[in-house]
Amino acid sequence: MEMAKRHGIPARMSEAEFAELNANPPAWLIQSRANRTGKRPVWVQLTCAVCGFTEAERPKKWWPEFDFVHCVEHGPAQLPRLEEGKTSLEYPDISTRMYGIVDEAKA
Ligand SMILES: [Zn+2]
């Protein structure tokens, strides 16, 4: 008590502790904040352009804008036909069973 009075810093101490807690939040605090904001991972529904099979997947940073996606079952002959003068770029394994297709104009 005498110590606290002499230093007169209990309020500042707790402020510093609070700042420290904010700067380096322990795992339990991160967890409780995540729960409070109700943040959910964003999912997209990928639907096969050929058979309609759908799969939910979290979008990846490296995904371009796909013209369509299809599942692993289908060969190129089964896929929607390209417009004249376009070429197909394939992104394999965008999810467990899906391929992403981007139709690009030929250079
Ligand atoms: Zn399919």
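Of the conditions (1) in contact with a strand residue (DSSP E or B) (Cβ under 7 Å, 6 or more places away or on another chain); (2) within 16 Å of the ligand (Cβ to nearest atom), Leu89 fails just one. Which one is it?
Every condition holds for Leu89 apart from (2).
Based on what the data block shows, is Lys61 at pLDDT below 70 and not hydroxyl-bearing (Ser, Thr, Tyr)?
no
Counting only residues that are surrounded by 15 or more Cβ atoms within 10 Å (Cβ to Cβ) and within 11 Å of the ligand (Cβ to nearest atom), which one in region 51-82 is nearest to the chain's Cα centre (by Cα)?
Glu55
The values are calculated or read from the model by the stated rules, or taken from the named source; none is laboratory data. What you are looking at is a predicted structure, and each value in this text was computed from that prediction instead of being measured. Reconstructed Cβ throughout: ideal geometry from the backbone, glycine too, with neighbour counts over all protein chains shown.
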